[in-house]
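Student: Attaching a single structure in C-alpha cells format; questions to follow.
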C-alpha cells in the first residue's frame, strides 16, 4: 500500500535532467520502463488523438513528477488507474501531483490521453519534432523534439522499449521503430503497430507517414527495407543497393548489427539533412539521384545504429561519440569499397581544419556548436589517431569490445578509452584522444 501523502518538496521530482546543454529538458525522480503509444492521426487535417501509457519506476519517494510535453492538449491523466490530485500544463511540461506517495523503487503506470495539431518545437538548433510534409509526416526528434508528439522523459540517459501504433487514412504507409507486428484496415483507416524491444532514447522515436512503396534490400543478417515514393523507384534501386554490403562491412568492423531490422525512408519532399532514428534512417528526395551521390551519407546514418542508437551518450556534451564515430565510418566504408583510404580522408580533413577557427573544444563544444562539422571531423580524426597508434588489429578488436560491452546502454569518453586500453599495450590511448578532443589546437603530425 502506498504511504500517506507528504506534500513536501523532498517528494517533488526535478523538472530537468540537469544537462546544461538542454537545461529545460528531461525530468528526475523516475526512470521509464516502457512506452506504449497509440496514435490516431488524420493526415488531411493534421489532427492527432492519442494515448500514451508510460510505465515507470520511482527513483525517490514521489508525490509530484513531470514529463516533457509541448503544443498538445491533455484530455485525461490517470496514475495507476486513478485520477491524480492535480495536473498542470506549462509550455514544455506536463506536471502531475498525486494524492499518495509513490515509494522509491516502486513501479507506477501513467496513462495520458491527449489531442491537438502537432507541430515542431523551437530550439537553439531550429524547429525539431513532428512536422507536416507536403503529403505526410516526418518526425525528427534530435535533440529535444520528442515532446512535440508524446509525453516523455526527453533525455538521452533514460532509454526504454517502445510499442507504437499509428492509425491513419488508408493509402498511406506509416513507419516507426522496430519490426511491424500488426496491421489492420477498417472503415478506410489502417493501423500499424511496431515494437522496439531494445532500449531507445526518446529523441530516436519516430513516425514517418507517406505514400510509399517498399523495396526489400536484403534479408540477412536482418531484414533491410527502403520505403520511397514511386517516382523515385529507379534512383532508389541504384543508390541504396550498397546498403547490404555496408551492413556486412560494419558488422565485421563493429560487431553484429544491434537491432532486429533496418529501414530506410526516402521522403517525397527535399530535406536539409538526412537523419537517424533507432532502426531507421530518413533521407529527402534531394539525397537520391541514381548516381550514388549519397553513399557517404548512407554509410553515416547506418553507422549511427551502433554509435548513437545502441551506444548513447548520457550527456549531450559528449556528442562526438556519436558523430565522430559515424563520420569515421564514412571513411571506413570508402576504404572497404575501393575508394580513398582512411589515411587519405584524414589528411584531407585535417588540412581543412587548419583553415578553420580553433575556437571550440569538441569534448565540450557548447550547445550551439554541438552539431558543428568540426565536432564530426575532429572526432573522426581522434579515432584515426588511435588506430594509427595501436595498429589495425588492436584498434578493431578494441572497437568491437567497446560496442559489445556497452550495447544498448549509455557511454562516456572514459568507456571508450578504458576498453580500448585493455586491448593494447604501451599506448596511452587517453592521451591520444585528449589531444584531439579536449584541446582547441590541432595536434601535430
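Student: Quick one: residue 317 ticks every box in (1) assigned by TED's automatic domain parsing to the domain that holds residue 371; (2) more than 22 Å from residue 128 (Cα to Cα); (3) under 19 Å from the mean Cα position of the chain (by Cα) except a single one, so which number is it?
Tutor: (2)
Student: When the stretch 27-70 is examined, which residues are found to be in contact with a helix residue (DSSP H, G or I) (Cβ under 9 Å, 6 or more places away or on another chain), part of a loop (DSSP other than H, G, I, E, B) and touching a residue at least 60 places away in the same chain (Cβ under 8 Å)?
Tutor: Correct list: 69, 70.
Student: While we're on this one: Please determine, by comparing only the residues of the stretch 241-270 that are part of a loop (DSSP other than H, G, I, E, B) and in contact with a helix residue (DSSP H, G or I) (Cβ under 7 Å, 6 or more places away or on another chain), which one is surrounded by the most Cβ atoms within 10 Å (Cβ to Cβ).
Tutor: 267
Student: Name the one entry in 330, 323 that is touching a helix residue (DSSP H, G or I) at 6+ places or on another chain (Cβ under 8 Å), under 24 Å from residue 22 (Cα atoms) and part of a helix (DSSP H, G or I).
Tutor: Among 330, 323, only 323 is touching a helix residue (DSSP H, G or I) at 6+ places or on another chain (Cβ under 8 Å), under 24 Å from residue 22 (Cα atoms) and part of a helix (DSSP H, G or I).
Student: Output the residue which, of all residues in the stretch 125-143 that are more than 19 Å from residue 164 (Cβ to Cβ), in a loop (DSSP other than H, G, I, E, B) and under 18 Å from the mean Cα position of the chain (by Cα), is modelled with the lowest pLDDT.
Tutor: 125
Student: Then there's this: Just checking, which of 96, 75, 91, 82 is surrounded by 15 or more Cβ atoms within 10 Å (Cβ to Cβ) and outside the structural domain of residue 316 (by TED's automatic domain parsing)?
Tutor: 96
Residues are listed down the side, and each one gets a yes or a no for (1) in a loop (DSSP other than H, G, I, E, B); (2) more than 22 Å from the chain's Cα centre (by Cα); (3) free of Cβ contacts under 8 Å to residues at least 12 places away in the same chain:
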position	(1), (2), (3)
403	no, no, no
415	no, no, no
425	yes, yes, yes
433	no, yes, no
436	no, yes, no
442	yes, yes, no
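The values are calculated or read from the model by the stated rules, or taken from the named source; none is laboratory data. Nothing here was measured: the structure is a model prediction, and the numbers come from that model. A quick note on method: Cβ atoms are made from the backbone with ideal geometry, for glycine too, and the neighbour counts reach across all protein chains shown.
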